[in-house]
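Trainee: What follows is a structure written as structure tokens; I'll ask about it next.
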Amino acid sequence: MEAYTIRKARMSDIKVMHRLLMSCAQKSQLLPRSLNSLYGHVRDFYVAEEIATGTPVGCCALTICWEDLAEVRSLALDEAHKGRGVGRAMVQTCLDEASQLGLSRVFALTYVVDFFRRCGFSEVEKDTLPQKVWSDCINCPKFPECDETAMLITLPSR
């Protein structure tokens, strides 16, 4: 992981992030996000940057849903950089921020269950996340036949 750094996203990262997200969406690894959505939520995002080249190779967002609940979403990583701990580091960065904000629970809706399990998340029923269902899911073209798995981690109290 020492060849990468995780930092807050900048406006100049948006097009690279969009390309990474669309590449993963085409492989059915996540749901796509529009450029408009990325510009509007850039403050939620982190970017994994290859130190040697300064090139963004991955992204991940932490979106606050409720007073005690946030979501790790839009985790995308360039194929050439997978298996090096970069994805896990991005998720941990999101969990660290959630903890600093005083949040107690973080969830993910994912097709990559084993990865999130290795990050400490456990499977839960989607109905345990009503804030997500009624804020975002209701507008999803897959609703109510969602095929993603809901996963949750409870953070240690600070």
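Trainee: If you restrict to DSSP beta bridges whose two residues both lie in segment 4-154, what percentage is antiparallel, to the nearest 5?
Mentor: On the way: 27 of 30 bridges.
For segment 4-154, the DSSP antiparallel bridge percentage is about 90.
Trainee: Another question about this same structure. So if each residue of separation counts as 0.36 nm, and I subtract the Cα-Cα distance between R84 and Q29, what length gain in nm does that give?
Mentor: 18.0 nm
Trainee: Another question about this same structure. I need the calculated FRET efficiency for the pair E67 and R118, taking r as the beta carbon distance and R₀ as 41 Å, to the nearest 0.05. If you can, show how the numbers build up before the last one.
Mentor: Values: r = 28 Å, r/R0 = 0.69.
For R0 = 41 Å, the calculated efficiency reads 0.90.
Trainee: With r as the distance between the Cβ atoms of D127 and T55 and R0 = 35 Å, compute the FRET efficiency 1/(1 + (r/R0)^6) and round to 0.05. Present the calculation step by step, with values, prior to reporting the outcome.
Mentor: Values: r = 41 Å, r/R0 = 1.16.
Computed FRET efficiency for T55 and D127: 0.30.
Trainee: Separate question: Per 0.36 nm of contour for each residue apart, how much would the distance between S37 and S12 grow if the chain were fully extended, relative to their Cα-Cα spacing?
Mentor: On the way: separation 25, 0.36 × 25 = 9.00 nm, distance 1.47 nm.
Using 0.36 nm per residue and subtracting the Cα-Cα distance, I get 7.5 nm.
Trainee: Quick one: length gained pulling R19 to S104 fully straight, 0.36 nm per residue minus the C-alpha distance?
Mentor: Details: separation 85, 0.36 × 85 = 30.60 nm, distance 3.19 nm.
Separation in residues times 0.36 nm, less the Cα-Cα distance, equals 27.4 nm.
Trainee: Could I ask something else about it? What percent do you get for the relative contact order of the chain when only Cα pairs under 8 Å and 6+ apart count?
Mentor: Numbers: 258 pairs, mean separation 33.0, N = 158.
It rounds to 21 percent for the chain.
Trainee: Can you tell me the equivalent ellipsoid semi-axes for the chain? Use √(5λ) from the Cα gyration tensor, largest first, whole Å. Walk me through the numbers before you get to the answer.
Mentor: Values: eigenvalues 107, 66, 45 Å².
Whole-Å semi-axes of the equivalent ellipsoid: 23, 18, 15.
Here, each number is a calculation from the coordinates, and none is a lab measurement. Predicted, not measured: the structure shown is a model, and the values here were computed from it. Glycine also receives a Cβ, built like all others from the backbone with ideal geometry; neighbour counts cover every protein chain displayed.
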